[in-house]
């Protein structure tokens with residue numbers, strides 16, 4: 001029950017190729033590669049963003065940005 005031999009892996013690979021087809025496997029491989037690349041880029045960007053805090057872009061005044069009379073201001077309260 002230890003590790004599989006090379007012949008076991010070749011049979012598994014052959015069955016997977018027969019089930020999914022080469023085009024589907026190629027698309028899945030490129031999608032997986034793009035996801036890994038995006039993850040690495042996100043981790044790189046995240047580490048540089050953590051060093052500098054973001055600057056506020058808008059002041060909070062407590063009043064809605066558009067003082068439309070049809071908007072209802074509701075305060076959320078926690079149930080006890």
Contact list, first residue from the stretch 11-34 and on the phi < 0 side of the Ramachandran plot and touching a residue at least 24 places away in the same chain (Cβ under 8 Å), second anywhere and surrounded by fewer than 11 Cβ atoms within 10 Å (Cβ to Cβ) and assigned to a helix (DSSP H, G or I), beta-carbon distance below 8 Å, six or more apart or interchain, is none
Determine whether residue 35 is at pLDDT below 70 and not in a loop (DSSP other than H, G, I, E, B). no
Test each condition in (1) surrounded by 10 or more Cβ atoms within 10 Å (Cβ to Cβ); (2) within 17 Å of the chain's Cα centre (by Cα); (3) modelled with pLDDT under 85 for residue 49 and report the one that comes out false. (2)
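The values are calculated or read from the model by the stated rules, or taken from the named source; none is laboratory data. Remember, predicted model here, so these are calculated numbers, not experimental data. Glycine gets a Cβ as well: all are built from the backbone with ideal geometry, and neighbour counts include every protein chain shown.
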